[in-house]
Amino acid sequence: MTGPKRSRLAPWLLLTPAQILAVVFFGVPALYMARMSVNAHAPQSYFTPGFTFENYARLTHDPVIAGAIWNTIWLALIGSAVTIVLAYGFALIVWLKPARWRLWFIGLALLPLLISEIAIIFGWWMVFPRNGLLSVALMSSGLITDKISLTYTEGAALVGQVYITLPYCFFILLSVFDGLDRRVLEAALDLSAPPLTTLYEVLLPQTRAGLLAAFAQAFIWTMGTYATPMALGPDTLWTLGFLIQAQMLGKHHWPMAAALSMVLVVGVALVVLLTRWLQLQQRSFHV
């Protein structure tokens, strides 16, 4: 094998073990799930072998499923947008701080990853109630005169999702910032560019691909989670994850649960493909 040919094949050979694992542990189960989604369902049984699109047809006219899809999408979009803004600002601060502070900030960002999602939910239950930390802090500061409760609200569900996804987006964006040349900031300062102009015309164009990757990560995570919205949000805040769990464990309707899961998989795959296409467009634009 010649040198140029070996160099072209080397990346694919290095990726082969990961690709095999992805096919075995993700591709094959996804095929089984797709097959399960077209099975029939009979009372007192998990599924009946067959081939029908009845489960998918139900997705188009069931208002409960339509509402769950809408709740899942808007929670994922708003949560991802808020996460990106916070993660971008946090990563920028850490990038600009001296090296001696960097380890402390990274440790702070790692803290949510060291705690289980259930423990995080219990923690927010200590913050949001009427007698919780948030209400007491706001009253002590004089910002409010009466206690408030954010427990079982859509805002609480949104905060919980942002808290869980924030570390992942932070580390993605920090790695992007680490690839930048700090001298571009010095050049902008020498040209008397205001901070907002530097952010918009210097930093954002060079970190746009990282922003897209971080957004995709946050969107994928928030689309699939169900414990946080179910525990912190109102009873009416049904998401696809909640419906899948209810169909699988509550109603024992495995084909319907598989059909809902396939909708979730396809939706996430479309977001990933769109993000990848936008990244390629960004690179070709700069070339």
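In the stretch 177-191, the residues that are without any contact (Cβ under 8 Å) to a residue 60 or more places away in the chain reach residues that are hydrophobic (A, V, I, L, M, F, W, C) and assigned to a helix (DSSP H, G or I) with C-beta atoms within less than 6 angstrom, at least six apart or across chains, in these pairs: 184/202; 188/202.
Among the residues of the stretch 224-267, write down those that are in a loop (DSSP other than H, G, I, E, B) and either in contact with a Lys or Arg (Cβ under 9 Å, 6 or more places away or on another chain) or at negative phi (or both). Result: 225, 226, 233, 234, 235, 236, 237, 238, 239, 251, 253. Kindly indicate whether any position in the stretch 103-123 is in contact with a Ser or Thr (Cβ under 9 Å, 6 or more places away or on another chain), touching a residue at least 40 places away in the same chain (Cβ under 8 Å) and either part of a loop (DSSP other than H, G, I, E, B) or surrounded by fewer than 16 Cβ atoms within 10 Å (Cβ to Cβ) (or both). Yes, the conditions are met somewhere in the stretch 103-123. From the list 80, 140, the lone residue that is farther than 17 Å from residue 176 by Cα, of a type in the set (Ser, Thr, Tyr) and surrounded by 14 or more Cβ atoms within 10 Å (Cβ to Cβ) is 80.
Just so you know, in the stretch 18-51 the residues that are of a type in the set (Ser, Thr, Tyr) and within 14 Å of residue 253 (Cα to Cα) include one that is nearest to the chain's Cα centre (by Cα), and it is 37. In the stretch 1-10, the count of residues that are exposed (fewer than 10 other Cβ atoms within 10 Å of the Cβ) and either closer than 22 Å to residue 257 by Cα or of a type in the set (A, V, I, L, M) (or both) is one or more. Condition first: farther than 28 Å from residue 231 by Cβ and at pLDDT 90 or above. Can you find one or more residues in the stretch 106-114 that meet it? There is no residue in the stretch 106-114 that is farther than 28 Å from residue 231 by Cβ and at pLDDT 90 or above.
Condition check for residue 180 on (1) within 30 Å of residue 240 (Cβ to Cβ); (2) modelled with pLDDT under 90; (3) of a type outside the set (D, E, K, R): one failure, at (1).
Within the stretch 234-242, does at least one residue satisfy the condition of being over 26 Å from residue 128 (Cβ atoms) and of a type in the set (Asp, Glu)? There is no residue in the stretch 234-242 that is over 26 Å from residue 128 (Cβ atoms) and of a type in the set (Asp, Glu).
When the residues of the stretch 169-223 are filtered to those that are within 29 Å of the chain's Cα centre (by Cα), in a helix (DSSP H, G or I) and of a type in the set (D, E, K, R), which remaining residue is surrounded by the most Cβ atoms within 10 Å (Cβ to Cβ)? Among them, the one singled out is 208. In the stretch 12-28, the qualifying residues are those that are small (Gly, Ala, Ser) and surrounded by 11 or more Cβ atoms within 10 Å (Cβ to Cβ), and the one that is farthest from residue 261 (Cα to Cα) is 22. Count of the stretch 33-71 residues, restricted to those that are exposed (fewer than 11 other Cβ atoms within 10 Å of the Cβ) and of a type in the set (Ser, Thr, Tyr), is 1.
The values are calculated or read from the model by the stated rules, or taken from the named source; none is laboratory data. Keep in mind that what you see is a predicted model, and the values were worked out from it rather than measured. So basically every Cβ, Gly included, is an ideal-geometry build from the backbone, and we count neighbours across all protein chains shown.
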